[in-house]
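Undergrad: Questions regarding the structure given below will be posed in turn.
The values are calculated or read from the model by the stated rules, or taken from the named source; none is laboratory data. None of the values given here were measured: they were computed from a predicted structure. Here the Cβ is made from the backbone with ideal geometry for all residues, glycine too, and neighbour counts use every protein chain on show.
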Amino acid sequence: QIEEMMYLDKLNMAGQMAASIAHEIRNPLATVRGFIQHLAEDTQDKQFKKYSPLIMDELDRTNKIITDYLNVARPSKFQLSLLNVDNVLRDCVELLRPFASYSNVSITYNESGQHWIKGDVQYLKQAIMNVIKNGIEATEGQGSVHIETKVNPSSDRIVVTISDDGKGMTHEELKKIGLPFYTTKSKGTGLGSMVTNKIVREMQGMIEYESEQDKGTRVNISFPLSDKN
Ligand code: ADP
Ligand code: MG
């Protein structure tokens with residue numbers, strides 16, 4: 001028990017440090033990007049014109065890594081309140097619909113009633129959106145992502161299932177998901193699943209991944225149900 005507490009203490013300290021470092025880095029980064037963009041518009045220098053988009057791409061990538069990381073960093077920012085899972089899921093689907101149709105993926109969501117849990121709406125949205133996004137990105141060509149909820153009466157938990165028919169993962173790949181910076185995408189950060197796992201855990205949730213190569217992936221996320229009253 002004591003060991004567990006010390007470990008969490010260190011995690012919090014590291015998280016708070018990461019958050020302030022991230023904040024300090026983002027400001028100068030934005031300044032640098034602004035200047036590069038400004039100079040690139042004015043210059044006649046062919047080399048500079050050619051390479052400035054690359055510089056900006058890399059700056060954007062750095063910023064994305066920092067932004068994703070910043071979100072894991074502050075455990076104290078979690079605001080737990082009674083929330084409706086189905087509303088959150090509906091929002092996630094609507095927010096990602098443009099990205100999905102751009103990627104030729106159809107999203108379907110089977111609503112099955114009203115389910116209440118204790119959690120943080122913003123963080124939960126982020127966690128679910130990371131998973132749906134991965135589902136969309138896993139499909140090459142056309143595909144579909146399906147979301148549904150089910151109550152497990154024996155455990156009083158709500159289970160959110162997000163499945164896709166994308167490229168799936170091997171056993172080895174599956175073991176690496178959630179490790180910081182593990183990514184197989186050219187523009188990935190490898191932080192999405194880590195952030196999701198952390199958020200889910202923070203809300204007494206559990207997450208499990210099932211996957212089969214060339215068939216697809218299914219992610220089950222469960223939370224203890226709360227009484228609305
Ligand atoms: P990122 O999306 O930036 O790569 P994530 O942590 O979200 O980082 O995912 C890590 C890796 O796990 C992905 O690069 C991908 O290889 C694999 N992965 C995650 N979700 C899926 C999925 N639904 N289908 C196939 N592979 C997945
Ligand atoms: Mg991702």
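Undergrad: Tell me, please, whether a residue that is over 17 Å from ASN134 (Cα atoms), modelled with pLDDT of 95 or more and in contact with a Gly (Cβ under 9 Å, 6 or more places away or on another chain) can be found in region 30-50.
TA: Checked against the condition, which is being over 17 Å from ASN134 (Cα atoms), modelled with pLDDT of 95 or more and in contact with a Gly (Cβ under 9 Å, 6 or more places away or on another chain), region 30-50 yields no hits at all.
Undergrad: THR189 - would you say it is in contact with an Asp or Glu (Cβ under 7 Å, 6 or more places away or on another chain), near ligand 1 (Cβ under 10 Å from one of its atoms) and not hydrophobic (A, V, I, L, M, F, W, C)?
TA: yes
Undergrad: Within region 108-133, take every residue that is within 16 Å of ligand 2 (Cβ to nearest atom) and touching a strand residue (DSSP E or B) at 6+ places or on another chain (Cβ under 8 Å) and give me the one that is farthest from THR217 (Cα to Cα).
TA: Among those residues, the one meeting the criterion is ALA127.
Undergrad: If you don't mind, there's one more thing I want to ask. Determine which single condition VAL121 fails, assuming it passes every other condition in (1) modelled with pLDDT under 95; (2) closer than 21 Å to GLU212 by Cβ; (3) of a type in the set (Val, Ile, Thr).
TA: (2)
Undergrad: So, ILE162, is that one away from ligand 1 (no atom under 16 Å from the Cβ), surrounded by 17 or more Cβ atoms within 10 Å (Cβ to Cβ) and not in a loop (DSSP other than H, G, I, E, B) or not?
TA: no
Undergrad: Test each condition in (1) assigned to a helix (DSSP H, G or I); (2) out of contact with any Leu (no Cβ under 8 Å at 6 or more places or on another chain); (3) free of Cβ contacts under 8 Å to residues at least 40 places away in the same chain for SER52 and report the one that comes out false.
TA: Of the numbered conditions (1) assigned to a helix (DSSP H, G or I); (2) out of contact with any Leu (no Cβ under 8 Å at 6 or more places or on another chain); (3) free of Cβ contacts under 8 Å to residues at least 40 places away in the same chain, the odd one out for SER52 is (2).
Undergrad: In the set ILE207, ILE199, which member is over 27 Å from THR62 (Cβ atoms) and either in contact (Cβ under 8 Å) with a residue 12 or more places away in the chain or in contact with a Leu (Cβ under 7 Å, 6 or more places away or on another chain) (or both)?
TA: ILE207
Undergrad: Return the residues of region 170-227 that are within 13 Å of ligand 2 (Cβ to nearest atom), part of a loop (DSSP other than H, G, I, E, B), of a type outside the set (Phe, Trp, Tyr) and in contact with a Gly (Cβ under 7 Å, 6 or more places away or on another chain); say none if nothing qualifies.
TA: Correct list: PRO180, THR183.
Undergrad: Restricted to region 61-81, and to residues that are closer than 15 Å to LEU124 by Cβ and exposed (fewer than 13 other Cβ atoms within 10 Å of the Cβ), which residue is modelled with the lowest pLDDT?
TA: Only one residue fits best here, namely LYS77.
Undergrad: Here's a follow-up. Taking only region 103-138 into account, find how many residues are hydroxyl-bearing (Ser, Thr, Tyr), more than 21 Å from MET194 (Cα to Cα) and either within 15 Å of ligand 1 (Cβ to nearest atom) or not in a loop (DSSP other than H, G, I, E, B) (or both).
TA: 4
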